[in-house]
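Quick notes on the structure that follows.
None of the figures in this text is laboratory data; all of them are computed from the coordinates on show. Note that the structure is predicted; figures quoted are calculated from it, not measured. Using ideal geometry, Cβ is built from the backbone for each residue, glycine included, and neighbour counts are taken over all protein chains shown.
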Amino acid sequence: QVQLVESGGGLVQPGGSLRLSCTASGTIFSIYAMGWYRQAPGKQRELVATITSGVSTHYADSVKGRFTISRVNAKNTVYLQMNSLKPEDTAVYYCNAGWGSLDSPGAYWGQGTQVTVSS
């Protein structure tokens with residue numbers, strides 16, 4: 001019902017930057033929380049960064065100081081600015097939205113976008 005459309009993934013070199021975006025569309029008019037999760041091959045999905053409809057944010061320790069999450073509430077759009085990328089950031093990044101908390105996902109997921117950090 002709620003569709004999340006992601007863009008911005010790709011191949012970048014270590015130390016490079018990438019900006020992901022995700023826009024939610026559907027029958028809802030507002031979303032409490034939006035965020036990004038990632039999953040590397042053979043690994044469990046992990047939280048990257050989340051943001052509420054207010055100004056509260058939450059980041060995984062591994063990305064603090066390097067990634068910045070932001071959103072435009074009127075557009076139900078969330079962004080993830082990724083700087084100083086490392087090979088260990090390589091994963092499929094999934095947009096998430098709903099009425100979850102800062103550390104628990106909502107009900108809606110995007111299809112995922114591949115981020116590969118390699119020389």
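Relative contact order for the chain: what percent, with Cα pairs under 8 Å and sequence separation of 6 or more?
Details: 306 pairs, mean separation 42.6, N = 119.
Reported as a whole number, the value is 36 percent.
What lysines could a cross-link reach from LYS43, if we take a straight Cα to Cα line under 30 Å and drop same-chain neighbours fewer than 8 places away?
LYS64, LYS86
Please report, in debye to the nearest 20, how large the charge dipole of region 5-119 is about its Cα centre when each Lys and Arg carries +1 at its beta carbon and each Asp and Glu carries -1 there.
Numbers: 9 positive and 6 negative charges, 29 e Å.
Roughly 140 debye for region 5-119.
Once you put a point 7 Å from the Cα of GLU46 and another 7 Å from the Cα of GLN13, both along the Cβ direction, what distance in nm separates them?
Taking the two extended label points, one gets 2.6 nm.
If Lys and Arg each add +1 and Asp and Glu each add -1, what is the summed charge of the other residues whose beta carbon sits under 13 Å from the beta carbon of VAL78? Present the calculation step by step, with values, prior to reporting the outcome.
Values: positive: ARG19, ARG71, LYS75; negative: GLU6.
So the surrounding residues net to +2.
Where Lys and Arg each count +1 and Asp and Glu each count -1, what net charge lies around TYR94 among other residues with Cβ under 15 Å from its Cβ? Each step should come with its number before you reach the end.
Details: positive: ARG38, LYS43, ARG45; negative: GLU6, GLU46, ASP89.
Summing Lys/Arg as +1 and Asp/Glu as -1 gives 0.
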